[in-house]
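Only one structure is covered here, and it is reproduced in the block below.
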Amino acid sequence: MKFYSTNNQKNLVGLSEAVINGLAPDNGLYMPEQIPVFPRDYFETLSKKTFQEIAFDIAKAFVGEDLSAEQLKKIIEHAITFDAPLVEVEKNIFALELFYGPTLAFKDFGARFMSQVLGLFAQQQNREIIILVATSGDTGSAVANGFLGMPGTKVIVLYPSGKVSEIQEKQFTTLGKNITAVEVSGTFDDCQRLVKQAFVDVELKENFFLTSANSINIARLIPQTFYYFYAWSRLPKKENVVFSVPSGNFGNLTAGLIAKKMGLPIYHFIASTNVNDIVPHYLTTNKFLPKPSASTISNAMDVGNPSNFARMLNLFHHDHEAMQNEISGYSFTDEETQAGMNEVFKKLKYILDPHGAIGYLGLKKYLSANPENVGIFLETAHPAKFLDVVQSTLKTEVAIPNELKSFLSRNKKTILCGADFVSFKNILSKAAG
Ligand SMILES: *Cc1c(COP(=O)(O)O)cnc(C)c1O
């Protein structure tokens, strides 16, 4: 499989280059040259396959020419070690629970698959790989845990100081080994900008073998298609299925769009956001207006300039109407999110985290006008990951899973950094050297 840049379809590269580059040299995002399409009868077999078997089929269709069946089997076995159960929370509304990985959030799927692939390439290249990752919360922990202790790799996590929850912070600032956490006095967008600047810095490029692990990496996008197939296969009724995706950088939703292109019969998508409503706003007005991100209780989605939007435009050939036909966008305030969490807890005894709550609310809004559909919302994090918000909203205690408890007892270790590139470059050079 070859991959092209969204900025120039003629710039084709192979899998290892696309994965190691992360971002294309022309600042575009990589896309597969061809999206593999499964025949219709394949989908009839899905309900009898395991999650790992489905994951293997999809991975093979994308990169079967680049990696051997044996390599792919190993990658899947190490990456997909937990389930993604589909839970019916009310009639025709299902939660796809994506939080059974080591850091209790959906990013474990993409991060673990990518770290396996990159680890393999590091071995082949015989050179240390430095992985840069900007995080608004969950990416950092998923990536850091995916790479922890992997030979030939060093991870540098940038995060906005004071803007992630204590639990999130502990999951990537307490690991040690090959993981360094950089605490930036700024926003998530500042962190993302610093990473992007590092990639175009000539001096850094000469000295280090840099790669990115944000949701822009194609090796994170591919495994995120797995659970769309899996969820669909586990539905009792498979007609008119809509997916509501709580979104920030829009990697998760983009993976869903790709799953549909692969032949998965998805009727419609719902882009659900907090007040950082750049994409819902685009869908209704045809105007894409990035702006500084606003802080919310669903902070893993506080993104003012969603990077995967370039891939969405690419998938729809920049046709606004075509995108509108497939995706509806809704945004919700913190007050609405909390009201939704309360209602679901009281009526249905189901505890939503603030991100999943936005997915649920978007789905409800869509279904109220389209009641003939069956809806799945992605529950992207375990409620205990956002303990303070969930407990103060629901006025109930949430049990903390053991994985999280062990992180909480450890000591945080970070390097403080200004939001300017010179400061970051200094820190990066020292940490990577
Ligand atoms: C990252 C994240 C999101 C947003 O996912 P994108 O792919 O960036 O749109 C939603 N929920 C949680 C819990 C997250 O960590």
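Where a number appears in this text, it was derived from the coordinates with a stated rule and is not lab data. These figures come from a predicted structure and were not determined experimentally. Reconstructed Cβ throughout: ideal geometry from the backbone, glycine too, with neighbour counts over all protein chains shown.
Numbers below:
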{"quantity": "Loop-located trypsin sites (Lys or Arg not before Pro) in the stretch 332-433 whose Cβ has at most 16 other Cβ within 10 Å (DSSP)", "calculated": "LYS349, LYS395, ARG410, LYS412, LYS413"}
{"quantity": "Spherically averaged projected area of the stretch 356-433 from its Cα convex hull (nm²)", "calculated": "9.8 nm²"}
{"quantity": "In the stretch 1-90, chymotrypsin sites (Phe, Trp or Tyr not before Pro) in a DSSP loop with at most 16 other beta-carbon atoms within 10 Å", "calculated": "PHE82"}
{"quantity": "Pair-distance profile P(r), taking every C-alpha pair of the chain, with 20 angstrom steps and integer %", "calculated": "28, 62, 10"}
{"quantity": "Orientation-averaged projected area, Cα convex hull of the stretch 255-301 (nm²)", "calculated": "4.2 nm²"}
{"quantity": "Anisotropy class of the stretch 304-433 from Cα gyration tensor, a/c 1.5 cut", "calculated": "oblate"}
{"quantity": "The chain, relative contact order [Cα under 8 Å, separation at least 6], %", "calculated": "19 percent"}
{"quantity": "Distance from the stretch 81-127 to the stretch 1-68 (C-alpha centre basis), Å", "calculated": "17 Å"}
{"quantity": "Shape call, the stretch 228-340: gyration tensor on alpha carbons, a/c limit 1.5", "calculated": "oblate"}
{"quantity": "Label-point separation in nm, VAL87 to LYS405, each point 7 Å along Cα→Cβ", "calculated": "1.9 nm"}
{"quantity": "Phi to ³J(HN,Hα) by Karplus 6.51 cos²θ - 1.76 cosθ + 1.60 over the stretch 96-102, Hz, x for Gly, Pro", "calculated": "9, 7, 9, 10, 9, x, x"}
{"quantity": "Quarter of Cα convex hull surface for the stretch 158-304, i.e. mean projection, nm²", "calculated": "11.6 nm²"}
{"quantity": "Span from the the stretch 411-433 Cα centroid across to the the stretch 282-343 one, whole angstrom", "calculated": "31 Å"}
{"quantity": "Rounded if a/c under 1.5, otherwise prolate or oblate - the stretch 34-167, Cα gyration tensor axes", "calculated": "oblate"}
